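Below is one structure, written out as structure tokens; comments come after it.
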Ligand code: G3D
Ligand code: MG
């Protein structure tokens, strides 16, 4: 995280979760307000930028999506290093994807400690009738690990804006608290490139983590 010359905050956010849970769809819904855009789904990975304004503060989010490496168990620390926030996505109709979220929480806490802000997203709530991950279990789990829990549908555009807004607010609060409590600590530097392309992946194959 660093502040730019014009005083804006730059935060890095990573999307994590099993393949096919809807990570790319959530990102495209948030940034482009689109769902199942076949043109965008053919692009290759990196990140998308979003500029937002909260209470007069300008914030640049660099939101990283995977190139589908999660399907080959190939997402490592290089992907999530220097992240200020992580969105851990599972599919409410897929219990294995919730287990995968728990594994990611363990890994992130171990590698990055409590500095990273975590939010958990139970996606595909338009498929509520197919739910297999119990509501109370997901919410109480999130509580125990200090993460907020949101329900989302990238398809119907439910909960998406709220999730990103809450995460951004929390990252901003966290950054300002840290600055107050340790004014001498130099901020983590992170380069934001406005020209980076978008990405998404195809999910017609087998699921994996
Ligand atoms: P990923 O990036 O986590 O791998 P994707 O997941 O965003 O590529 O989405 C995987 C599949 O789930 C896609 O379907 C996508 O349309 C679908 N999906 C994503 N979000 C939702 C949602 O909120 N509700 C429903 N019903 N489906 C969703 P395909 O068929 O293209 O593989
Ligand atoms: Mg994807």
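Candidates in the stretch 27-43 are the residues that are modelled with pLDDT of 85 or more and more than 9 Å from ligand 2 (Cβ to nearest atom); of these, the one that is surrounded by the fewest Cβ atoms within 10 Å (Cβ to Cβ) is 33. With respect to (1) within 25 Å of residue 172 (Cβ to Cβ); (2) at pLDDT below 95; (3) away from ligand 2 (no atom under 13 Å from the Cβ), the lone exception for residue 46 is condition (3). Filtered by the rule that a residue be away from ligand 1 (no atom under 15 Å from the Cβ) and either in contact with a helix residue (DSSP H, G or I) (Cβ under 6 Å, 6 or more places away or on another chain) or at negative phi (or both), the stretch 68-98 gives 76, 77, 78, 80, 81, 83, 84, 85, 95.
For (1) modelled with pLDDT of 95 or more; (2) in a strand (DSSP E or B); (3) away from ligand 1 (no atom under 13 Å from the Cβ); (4) within 20 Å of residue 158 (Cβ to Cβ), each residue gets a yes or a no:
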| site | (1), (2), (3), (4) |
| --- | --- |
| 10 | yes, yes, yes, no |
| 25 | no, no, no, yes |
| 53 | no, yes, yes, no |
| 62 | yes, yes, yes, no |
| 66 | no, no, no, no |
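The values are calculated or read from the model by the stated rules, or taken from the named source; none is laboratory data. Computed from a predicted model, the values in this text were never measured in an experiment. Here the Cβ is made from the backbone with ideal geometry for all residues, glycine too, and neighbour counts use every protein chain on show.
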